[in-house]
Protein chains: 4
Amino acid sequence: MRKSEQPSIDYAEYLQLDQLLNSQHCESSKYGGPAHDEMLFIITHQSYELWFKQILHELHSIHSLFSEQPLLEKNLALISSRLRRIIKIQWVINQQFSILETMTPLDFLEFRDYLIPASGFQSLQFREIERRLGLRNSSGNCPYGRFSETDQQFLKNIETEASLFDYLDKWLARMPFLEFENFSFWQSYQQAVRQMLDSDLQIIRHNPSLTPNEIQQQTQALETTRNKFDCLFDKNLYQHYQKNGEIRLSYQATLSALFIQLYQDEPILQLPFKVINQLMDIDAQLSQWRTKHALMVERMVGSKIGTGGSSGHSYLKSTIESKRIYSDLFNLSTFLIPRSKLPQLPEPLIKQLGFCL
Amino acid sequence: MRKSEQPSIDYAEYLQLDQLLNSQHCESSKYGGPAHDEMLFIITHQSYELWFKQILHELHSIHSLFSEQPLLEKNLALISSRLRRIIKIQWVINQQFSILETMTPLDFLEFRDYLIPASGFQSLQFREIERRLGLRNSSGNCPYGRFSETDQQFLKNIETEASLFDYLDKWLARMPFLEFENFSFWQSYQQAVRQMLDSDLQIIRHNPSLTPNEIQQQTQALETTRNKFDCLFDKNLYQHYQKNGEIRLSYQATLSALFIQLYQDEPILQLPFKVINQLMDIDAQLSQWRTKHALMVERMVGSKIGTGGSSGHSYLKSTIESKRIYSDLFNLSTFLIPRSKLPQLPEPLIKQLGFCL
Amino acid sequence: MRKSEQPSIDYAEYLQLDQLLNSQHCESSKYGGPAHDEMLFIITHQSYELWFKQILHELHSIHSLFSEQPLLEKNLALISSRLRRIIKIQWVINQQFSILETMTPLDFLEFRDYLIPASGFQSLQFREIERRLGLRNSSGNCPYGRFSETDQQFLKNIETEASLFDYLDKWLARMPFLEFENFSFWQSYQQAVRQMLDSDLQIIRHNPSLTPNEIQQQTQALETTRNKFDCLFDKNLYQHYQKNGEIRLSYQATLSALFIQLYQDEPILQLPFKVINQLMDIDAQLSQWRTKHALMVERMVGSKIGTGGSSGHSYLKSTIESKRIYSDLFNLSTFLIPRSKLPQLPEPLIKQLGFCL
Amino acid sequence: MRKSEQPSIDYAEYLQLDQLLNSQHCESSKYGGPAHDEMLFIITHQSYELWFKQILHELHSIHSLFSEQPLLEKNLALISSRLRRIIKIQWVINQQFSILETMTPLDFLEFRDYLIPASGFQSLQFREIERRLGLRNSSGNCPYGRFSETDQQFLKNIETEASLFDYLDKWLARMPFLEFENFSFWQSYQQAVRQMLDSDLQIIRHNPSLTPNEIQQQTQALETTRNKFDCLFDKNLYQHYQKNGEIRLSYQATLSALFIQLYQDEPILQLPFKVINQLMDIDAQLSQWRTKHALMVERMVGSKIGTGGSSGHSYLKSTIESKRIYSDLFNLSTFLIPRSKLPQLPEPLIKQLGFCL
């Protein structure tokens, strides 16, 4: 099956091993004696950078697939398989910390000072990944301080482009199915929720085994739940929270995402459901990356000033939660109702959600 | 080699499989139809509980080995190998979340209401592990609310007993070596640190390539570092922070732990160094358990009220950082100095730190 | 949302912790002193058995879903999500070996003799899983020797029932699409393969950069490839290998599986493609389980007679390869051809393979 | 603490990212269209090569530490910590297969033919690692066929140098302790084994619950065990097996390794015991690497001729077992006897095996 007309290629040349394996230059070798563990430090970070390049390769392709309209089923499958690859890469690089942790803080100290101010982790590609996934630069704080002018400009430009979050939002917002002939998902769902809550209230009130105190408590808890739903049902309220920055996904996209969650078993919704879950996985893995990184920095340098002059692990820890990108998707679970209470979809719609067999 | 006099035993009987494999009773089977995924929910939690029992088995043994005086080298090795086992178990049960995550929130909803108020995670053994490791109940909040009177009493009793943290503190505090004939580790170390800081200051001041502004910045950073060391050198200041609750390890134990970190290469200190690292590993794995658990709860129930009536994942997240047990050990890295600047130990002491070969 | 009419349930009761956590009885405690590590041995195996129960729970459900005709898309998705869960469980229990390996062979020796003849691994559930997945008892050897009469009968009965392999075969065999109006996948594919091989031959023969010797070699290699395809194209030959036991999947099923592989991008084939891959994953994980188990036994007992009287790890190793269940699926890759050479499907068929949008 | 006199360095420059991230050149881009997954293929292999470089970095250092005489305790600790790092790296790169497996065989086919004859895995560094660890080139087969003359010569030269296996053997062989004043470990151990076997025989013969048939079986099993010990006790027999190639470790080294295994609890033997276990871990991880690689190749190309012209996965599978390096260490477990039957070491020797406290 070999294409004999092409010149045969060489493994080492193909992988550019000459270049690759000669890119490790220990600073410690220049000053005094070489520190054995600096090689590990370099190679670990180079391996991260290689994988970051691969993640960006997948993200570029995902962006481009998402930008085509209409989004073909075939392409959504491709998107999903590439998201899956990103998740696998993230998992492996999260495990990679265990290698770097075989270096003790004292060993790190042997070459740490030579690296100043090259932070332990000042990766342009990592910042690009965050932005391409949809992380927004929170106002005020300027995390690009350590990058060159050119790099800062590069990152700022990316922020003006559509992110994966934006593509997701648009794709969800234009999803059909929510209105079908006489059926309105949104109306039926609201009705179902209200019936459920009313019925729950009746059960609480007429439960002979509850004390008056317990009845009051449970009634209050039910009221809290009702309020949460209200903020979904009331578009104005929703948009108020959106302006506040507490919610990011557009109203229409949220409705679609909820529809997908609730009818996840329908054939045509399985892939969209999977994609939504994969985005949460990516977010979760990114959180873990940050947690592990912060923990490692804490272990290595204590509360000392970080190698890049950052205030070290306490800064890192404080940023982990605020850097969640897809928290709106996690929040959707708040609004699920049991399958038994779900509005029945009209038969012709179900057919459309299935294959044409 | 078989001990033929004993009755031969049966695999299934030995492992009590009859009992073990008949301990899964789905609540959903009692009400309406059985929910397929409830079995997974039960078995995942049962597997956790089995492993918790094993962790407690190791912890009991470690406590008992630590309580003997003097602590024999042989026993310290045993302690270390059992800590290692705990870490391996923690790693595996942290991975176990990936199994439970194959259940979607909608699938969970099929049986979630049947479990009220049995929280998704109300494990007495887990609380016991935390206390045996040394977690202290922060004042005010009462995390035992959902446990029975007996269980609450059981947990309170454990808090009156010595924890692994206490054993560690005592063992470190009574470690010899810090004073040896005319050599005082503490004095020599302070001197070395001061020399290092003074020398750094000279370098900054006389660096022609720095702007006055940069000189000022770096001088300030150095001052911050000096202040951190001061809080270690000044016993009163140290004890002030201890009373505040910012530091927990006793002064003497901190000194020993630092000595171990700095002279980690000496044969007799290698095992103590390893044990200190293992305790940090255990702490780190516990943090990860909590992070993963919080994330899973968020995914499952959104911001709805948790199955046990707890306020769900936001409560969980807020507690993760405050539940660190061995943060004092992590902080030690703040006070490391490069090997080249370390006070030279006197020859006879080095001999004592080695084997008698 | 709480169903207040039902009695509230208790975490420990729900999980039957009393029963679960009192099922560990160390034999070593009966004879002489208790061996600390026997607890680990018991709990590790109990954890395995819990997860085996879960795997069987999923397998039963998968069998039942597969047995319905026609197999609804919705149910295939359910099958796939349950296969995925099995794979996750397998991955975790494969990692679990790292826990047991914290026990040294000398520690094992402290209680090993008490377990005779309860083999280190004589799990009825494991054998059931193998059979339900489709492992056939190779003629002659009787691996059930150590089981009780009842258990042997139980396993033999399972072998008379349809296995997952059988369900897969039937499902694939009845898959439509291979013939569509004037289009015959099988004919078009054979033609495409032959064209490709002929073209490769021309390229080799007329390549000026090849020596006569190289031309001969490459021509031979091409002939080998052609022969492999022939054994697929010639139904009689195929069935000859099937009788030999070298192939197990029916001819019709193989054709469908190949079709799925080749047109894996078509929407309706994505899920079938995934299911096929998952079955290979399960097989691969099972192989790894056996490899890891054999290695652990070797480490624990050397070449001594195994605790269950088996001849130990060399027996284990010899069986790993022969226990592959889905090797026919792995072999399909032999017959893939590049997308560019694939016969073009007729437009109406493509439509049928997509959604009705 | 910053060394201000040195020029500040840049993260991207330090890691040579320019060079590193421009080393991915897809062949598929040259011919027809670029295949999206070729990037993954390149980066995965480049990541492997980076980690191989790190493993070699550790191995060089370990060789050098081992070659110093006497081997200082401090250096043995260093050796052990670097072996541990190798194991962690191996674990991570074994997990890395899961990333590459997100590429389907059909996707691979999009660029596979362009790589001929650059085998999927023709890594010079990997061969070097194998040789440095101690893998011997089995006679006859010439696995270097695909390497250039220079590379073949390079590998052959390595084979003439001492491998880690050789260092281990020498280090073990010169270990003291086996003879101490009037105490001879070897004599005492043989005596203990014989007593144990004799006692077992008495128990079998006089066990009233055994049938004559069972007595015969168990007596035979005991005889087999005795024969195995004989091959250890009889130096001539041992050396006969050594010449055969069934055993590789020298007689004296085997005795020391056994002594270490049996008295693993003594302080001074803990580190040697750990090193022995780590070598087995490395061997085991290497086996897993090969198993996973063979499985992946099988999945990708079926039984087709491999990309490098090798006969593919069946060749790979057949070599896995024969490539074990430290099987002699695994076999030691065969000769362990319970702690209760171990010859008591003389008090002064025990003292020597501990610290001088």
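Coordinate-derived values only; no laboratory data. All figures in this text were calculated on a predicted structure; none of them were measured in a lab. Cβ placement follows ideal geometry from the backbone for every residue including glycine, while neighbour counts extend to all protein chains displayed.
Some points to look at:
- Helix B:267-301 axis versus longest C-alpha principal axis of chain B: approximately 40°, rounded to the nearest ten.
- Per-residue Cβ neighbour rank within 10 angstrom, fewest leading, A:Thr102, D:Thr291: A:Thr102, D:Thr291
- Net dipole in debye of segment B:1-133 [+1 Lys, Arg Cβ; -1 Asp, Glu Cβ; about Cα centre; nearest 20]: 680 debye
- Per residue, the average separation of C-alpha pairs within less than 8 Å and at least 6 apart gives chain A a relative contact order of 23 percent.
- Placing a pseudo-label 7 Å from each Cα along the Cα-to-Cβ vector at C:Glu149 and C:Gln344 gives an inter-label distance of 7.0 nm.
- Rg over Rh for segment B:142-248 works out to 1.22, using Cα positions for both radii and the Kirkwood form for Rh.
- In degrees, nearest ten, helix C:124-133 long axis to first principal axis of chain C (Cα): 10 degrees
- Filter on B:Lys341/D:Lys274; B:Lys88/D:Lys170; D:Lys243/D:Lys323 - keep pairs with C-alpha separation over 26 Å: B:Lys341/D:Lys274; B:Lys88/D:Lys170
- Here each label is just a point 7 Å from Cα along the line to Cβ, and for C:Lys30 and A:Leu78 those points are 6.5 nm apart.
- Cα gyration tensor shape of segment B:29-104, rounded if a/c is under 1.5, else prolate or oblate by comparing a/b with b/c: prolate
- 10 Å Cβ neighbours from other chains, averaged over peptide D:97-110: 6
- Considering only A:Trp171, A:Phe185, A:Met196, the residue lying farthest towards the positive end of the dipole of segment A:153-196 is A:Met196, judged by Cα position with unit charges set on Cβ.
- Each of A:Ile62, A:Tyr114, A:Leu100 was scored by the projection of its Cα onto the charge dipole of segment A:58-118, and the greatest displacement toward the positive side belongs to A:Ile62; charges sit on the C-beta of Lys, Arg, Asp and Glu.
- Across peptide A:55-65, the average count of Cβ atoms from other chains found within 10 Å of a residue's Cβ is 1.
- Loop-exposed GluC sites (Glu not before Pro) per DSSP, neighbour cap 14 Cβ within 10 angstrom, longest uninterrupted part of chain A: A:247-357
- Starting from the label point of A:Glu159 at 7 Å along Cα→Cβ, the same points in the other copies fall at 4.7, 6.0, 6.9 nm, in ascending order.
- On the beta carbon distance between B:Lys243 and B:Gln190, with R0 = 22 Å, the FRET formula returns roughly 0.45.
- Magnitude of the charge dipole for the protein assembly as shown, about its Cα centre and with charges confined to Cβ atoms of Lys, Arg (+1) and Asp, Glu (-1), is about 0 debye.
- Assigned charges on the beta-carbon of Lys, Arg, Asp, Glu; segment A:164-210 dipole about Cα centre (debye): 120 debye
- Calculated label separations, D:Pro348, copies of the chain, 7 Å along the beta-carbon direction, nm: 2.5, 10.0, 10.2
- Distances from B:Gln19 to itself in the other copies, using label points 7 Å out along the Cα-Cβ axis, amount to 1.1, 6.5, 6.6 nm in increasing order.
- Simple label model, 7 Å out from Cα along Cβ direction - B:Ser327 to B:Asn213, nm: 3.5 nm
- Rounded to the nearest 0.05, the FRET efficiency derived from the C-beta distance between C:Arg290 and B:His206 at R0 = 60 Å is 0.30.
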